[in-house]
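Let me begin by presenting the structure, written as structure tokens, before commenting on it.
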Amino acid sequence: MRSRVALLALCLVVTLANAASIERLRSFVRDTQTARASFIQTVTDRQGRIVQRASGELAISRPGHFRWTLEKPYQQVLVGDGERVWIFDPDLNQVVVRHNDRALGTTPAALLAGKEDVEHAFEWRDLPAKDGLDWLGAKPKDKESSFTDIRLGFNTGGLAALEVTDNFGQHTLISLFNFERNPKLSPELFKFTPPKGADVVGQ
């Protein structure tokens, strides 16, 4: 579950914009080459019960490079180096590695690491304003996607909320803060070497 939840959140920063519209999304994908932010994530089950709260830091360098660091309540590191995605769980001392295309596909993370045509993997729609936010919705065109719906909530300052619903009815809400657009990021952030003795699983 940790890997899936971590992967969910990687799409958050790519959709930051000033209004909820597909044109704003296109502008962000085109103009934002790097980004860095902190996040808070809450996961609820089908009955609305909270099953997880987490916080951490993330960074991206388009296309295909990202680093997601989960800090509380447990540690996890997710790194995309442009070719592969590495998921490291320090508690288990285990690394899961996948090729980018297979790991991303039409999941929300594709919004983060994809190219300018990534929007074509989703069906987009404007949604009614709610809770003081303007909303943009997306459904993956791939019927085998693990996610059924994505909702992006915007206020005057940009993206305020990201909501994702998976095939099990689990709902993830991610809030972003301390966002930096186009910061200078070290290439070392997007490299990963499995720790000595770690169990490496995958390709």
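Here the extension length gained between Gln75 and Ile22 equals 15.7 nm, from 0.36 nm per residue of separation less the Cα-Cα distance. Annotation for Phe168 and Lys196: the two label points, set 7 Å from Cα along the Cα-Cβ direction, are 3.6 nm apart.
Length available on full extension from Asn93 to Trp124: 0.36 nm per residue minus the Cα-Cα distance, which gives 7.3 nm.
Partner aspartates and glutamates whose Cα lies under 12 Å from the Cα of Lys191, excluding those fewer than 8 positions away in the same chain, are identified as Asp81, Glu83.
Amide H contacts for Gln33 (H built 1.01 Å from N in the peptide plane; partners 5 or more residues away or on another chain; cut-off under 5 Å): Asn182. So which chymotrypsin sites (Phe, Trp or Tyr not before Pro) in the range 33-90 end up in coil per DSSP with only 16 or fewer other C-beta atoms within 10 Å? Loop-located and lightly packed - Tyr74. The calculated FRET efficiency for the pair Lys139 and Ser38, based on their C-beta separation and a Förster distance of 25 Å, comes to about 0.35.
Just so you know, all these numbers are worked out from the coordinates, no wet-lab data involved. Small disclaimer: the values here were computed from a predicted structure and weren't measured. Cβ atoms come from the backbone with ideal geometry, glycine included; neighbour counts cover every protein chain shown.
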